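Take a look at the structure below.
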Amino acid sequence: MDVTRDPRYDILFEPVRIGPVTARNRFYQVPHADGMGYRDPSALAAMRGVKAEGGWAVVSTGETEIHPSSEASPYVEGRMWDDGDIPAHRLVVEAIHAHNSLAAVELSYAGMATANLYARTPPVGPGHHALDGRYAPIQAREMTLDDIADLRRWHRMAVRRSLEAGYDIVYVYAGHSLSTLQHFLSPRLNHRTDAYGGSLESRSRLLREILEDTLDEVDGAAAVACRMAVDEMLGPGGYTVDDTRRLLGLIGELPDLWDFMLGEWEDDTVSARFGDEGGQEEYVQGLKALTTKPVVGVGRFTSPDTMVRMIRQGILDFIGAARPSIADPFLPSKVESGRIEDIRECIGCNVCTTGDLTMTPIRCTQNPSMGEEWRRGWHPERFTRTTRPGKIMIVGGGPAGLEAATAAGKRGYEVVLVEATRELGGRARREATLPGLATWRRVVDYRTGQLDALSNVDFYLESAMTGEEILDYDFAHIAVATGSTWRRDGVGHAHRRPIPIDPEADVLTPDDLLDGRRPHGHHVVIFDDDHYYLAGVFAELLIGEGYAVTLVTPAPDVSHWTHNTLEQGRIQRRLLQLDVDIVANTAVDAVDASDVTTRCVFTDRMGRIPADSVVLVTSRLPNDALAADLRRLIDGSDGPSVHVVGDAFSPGTIQSSVWDGRRFAEELDRPDLRSILRRNVSSLDPVPPYPITR
Ligand code: ADP
Ligand code: SF4
């Protein structure tokens, strides 16, 4: 690689020893969920391999179950249950080693955080407890000393298999409230009176024993890392960072590396709406001084200057990243080659966590190739040059049009992008002006930066195109990326036909609010039948501007789908703290001039809520008139090919628009790819059954 990096960043490229192995730089992709796990081994290997290719010196797996007595079904995590799992892991290791990076495996035993729905055996934990984090009619059973001995044996077996698979770093995991080792540490959960409960020394005994077992088992053939939650974020009743300070006095020298994170997944992976870069610093600061072993920590780091500060100030030895490595697998190599402006910065939307939480392969708003490396053959940086170059007009400069133009430009097409308004960015630019969504701007900035560098792509602003105008030019292909429009008639999940709306009523849609229109009067009812972030954000916006706001939702809680982005609890808390009146399990059935008619979704009991204005956040219609117009004008004659992309095809998330833009550019000259989705084989080795360790 042509190394022209800024000398300020040299420190980030120093090699660092981790016990018996050495990382070639300080960029460390910490374990993160991928929604692929045991089900999609080939896709997983390709995805992790791309991270190594992009310069991450350490690339880790996600959570990897060591035994079926703690299995996360229906979630799709990694498995190291038996020898049959080794070939799939070898694939991952080989893909990482192919680029000279170290491969790390996060062995996990989640105990009372798993329901064992597949295995059906009761989960276990430090005591007889209801399952953590879910309202399931399942209890965890208190572990006996025999259970503890079993767990230690199973962990050893998993370590042995990890070595056979070729991993360089083996994790002992005590984080995210997803580990029995952490459950034992917690005074909230561990009420034992035997040698494993009581004082911190006793509560940490299981962690110490497993660390010692792991060190013994690897016997210098791999490094041993310990990932732990430094604070449960539950206040004095829980395990706190003071406990971690004392713990480091007890076992600080045991593992070869400490990987520090915070609380549960919701505390660790805070969206940009609720936390900034480096959000864990105040907790992790000072811990490194309590051990001689290298320390990795996370904080949605995308700024090389912040990274350098973390190292120089002695807070971290490694820059840990999950999301920044998902948004840009090539972040390290871009810093190394002095291409800072090419970094595709994570926007902190947490769409990446929705893969794991919906049991589907990982996806990313900024990086459309994430999860598609193997099954569609997309790469975050490399684009196959088209063998049939031609001129493309892309109409609409939103996320879909911008990505289509960028990707088609990189594939070697001549591209003209036209946008009706004075600025590129579409909904991403408009929504970035709302409370907490400023990072949405990065979707636009990254792509406009790329377009500027492509001499074969031009764009024109303030160019609202009609079908006739487009056909006046000589383009081989037209991509219509004209976006979507929010409905004004109440149609969404609850209503499949328009609801009665008094013509005198002041009704607004998200488009109106984004255009700067504001409700009349004082009391606004927001009807959220969209269930993603916008209705909650508008409630925050309007209450901040002095309105009284009632948010009505047919769902049990606000912004319901954001359970999948780990934000729902924070959104509900913020709206309640702002005194938004939340009316759940209720639909708005009709809008009158001064109130709305509501209906309980369970009982159909009707009610009324006074409203000076109503904001309907329900669903959208595609802006597909232009495409229809073009098709009518062409009408079988020898005109350009017409493609509809992004929200104009089918309204969705910004992530889905970006992905569709890339898909258009990838498949334009290869229509045969459209029907192909490479499937993983379910087993890599056809010689089952493998005995499960008992
Ligand atoms: P998507 O997420 O699919 O990209 P957006 O709504 O964010 O959708 O963006 C659509 C963009 O298309 C907007 O910036 C809009 O101004 C632009 N647009 C819509 N109609 C036309 C048109 N006829 N000519 C040019 N630009 C258009
Ligand atoms: Fe960042 Fe969003 Fe991509 Fe996740 S999905 S890595 S939060 S940009």
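The table below gives the values:
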| item | result |
| --- | --- |
| Residue ID - nearest to ligand 2 (Cβ to nearest atom), chosen from residues in segment 650-669 that are surrounded by fewer than 23 Cβ atoms within 10 Å (Cβ to Cβ) and part of a loop (DSSP other than H, G, I, E, B) | Thr653 |
| Filter result for Pro87 (touching a Lys or Arg at 6+ places or on another chain (Cβ under 7 Å) and farther than 27 Å from Gly320 by Cβ) | no |
| Residues (touching a His at 6+ places or on another chain (Cβ under 7 Å) and either assigned to a strand (DSSP E or B) or surrounded by fewer than 20 Cβ atoms within 10 Å (Cβ to Cβ) (or both)) located in segment 120-135 | Gly125, Gly127 |
| Within segment 389-413, considering residues that are within 25 Å of the chain's Cα centre (by Cα) and assigned to a loop (DSSP other than H, G, I, E, B), the one nearest to ligand 1 (Cβ to nearest atom) | Gly398 |
| Counted residues, segment 216-244 - those being aliphatic (A, V, I, L, M) and in a loop (DSSP other than H, G, I, E, B) | 5 |
| Matching residues, segment 257-279, being closer than 16 Å to Gly297 by Cβ and buried (at least 24 other Cβ atoms within 10 Å of the Cβ) | Leu257, Trp258, Asp259, Phe260, Met261, Leu262, Thr269 |
| Hits in segment 537-557 - residues which are part of a helix (DSSP H, G or I) and open to solvent by 10 Å² or more (accessible area, probe 1.4 Å) | Glu540, Leu541, Ile543, Gly544 |
| Only one of Gly436, Gly425 that is within 25 Å of Glu567 (Cα to Cα), of a type outside the set (Val, Ile, Thr), in contact (Cβ under 8 Å) with a residue 24 or more places away in the chain and more than 14 Å from ligand 1 (Cβ to nearest atom) | Gly436 |
| Pairs with Cβ under 7 Å, 6+ apart, first in segment 605-618 and closer than 17 Å to Asp529 by Cα and in contact (Cβ under 8 Å) with a residue 12 or more places away in the chain, second in a loop (DSSP other than H, G, I, E, B) and hydroxyl-bearing (Ser, Thr, Tyr) | Leu616/Thr509 |
| Selected residue (only one of Glu71, Glu65, Glu53 is modelled with pLDDT of 95 or more and open to solvent by 10 Å² or more (accessible area, probe 1.4 Å)) | Glu53 |
| Identity of the residue in segment 467-496, more than 28 Å from Leu542 (Cα to Cα) and without any contact (Cβ under 8 Å) to a residue 24 or more places away in the chain, that ends up farthest from the chain's Cα centre (by Cα) | Asp472 |
| Set Cys364, Cys349: member being within 16 Å of ligand 1 (Cβ to nearest atom) and not assigned by TED's automatic domain parsing to the domain that holds Val76 | Cys364 |
| Condition broken by Val335, with the remaining ones in (1) more than 8 Å from ligand 2 (Cβ to nearest atom); (2) β-branched (Val, Ile, Thr); (3) closer than 17 Å to Tyr533 by Cβ satisfied | (3) |
| When residues of segment 621-646 are limited to those that are touching a helix residue (DSSP H, G or I) at 6+ places or on another chain (Cβ under 7 Å) and among the charged types (D, E, K, R), the one least open to solvent (accessible area, probe 1.4 Å) | Asp629 |
| Of all residues making up segment 558-570, the number that are surrounded by 17 or more Cβ atoms within 10 Å (Cβ to Cβ), of a type outside the set (Ser, Thr, Tyr) and either without any contact (Cβ under 8 Å) to a residue 40 or more places away in the chain or outside the structural domain of Pro519 (by TED's automatic domain parsing) (or both) | 3 |
| Of residues in segment 187-219 being in contact with a Ser or Thr (Cβ under 8 Å, 6 or more places away or on another chain) and crowded, with 20+ Cβ neighbours inside 10 Å, the one farthest from Arg152 (Cα to Cα) | Arg203 |
| Criterion: more than 16 Å from ligand 1 (Cβ to nearest atom) and farther than 30 Å from Ala404 by Cβ - qualifying residue of Arg273, Arg339, Arg312 | Arg312 |
| Odd one out for Ser613 among (1) out of contact with any Gly (no Cβ under 8 Å at 6 or more places or on another chain); (2) more than 11 Å from ligand 1 (Cβ to nearest atom) | (1) |
| Candidate set: segment 366-397, residues that are farther than 16 Å from Met47 by Cα and of a type in the set (S, T, N, Q); chosen: the one surrounded by the fewest Cβ atoms within 10 Å (Cβ to Cβ) | Thr387 |
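Here is a yes/no grid of residues against (1) small (Gly, Ala, Ser); (2) within 13 Å of ligand 1 (Cβ to nearest atom):
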site: Ile634; (1), (2): no, no
site: Phe649; (1), (2): no, yes
site: Gln655; (1), (2): no, yes
site: Gly661; (1), (2): yes, yes
site: Asp672; (1), (2): no, no
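The values are calculated or read from the model by the stated rules, or taken from the named source; none is laboratory data. Keep in mind the model is a prediction, meaning the values are calculated, not measured. Positions of Cβ are generated from backbone atoms using ideal geometry, with glycine treated the same way; all protein chains shown enter the neighbour counts. The area values use the complete protein model at the heavy-atom level, side chains included, leaving out ligands, DNA and RNA. Shrake-Rupley method; radii C 1.70, N 1.55, O 1.52, S 1.80 Å.
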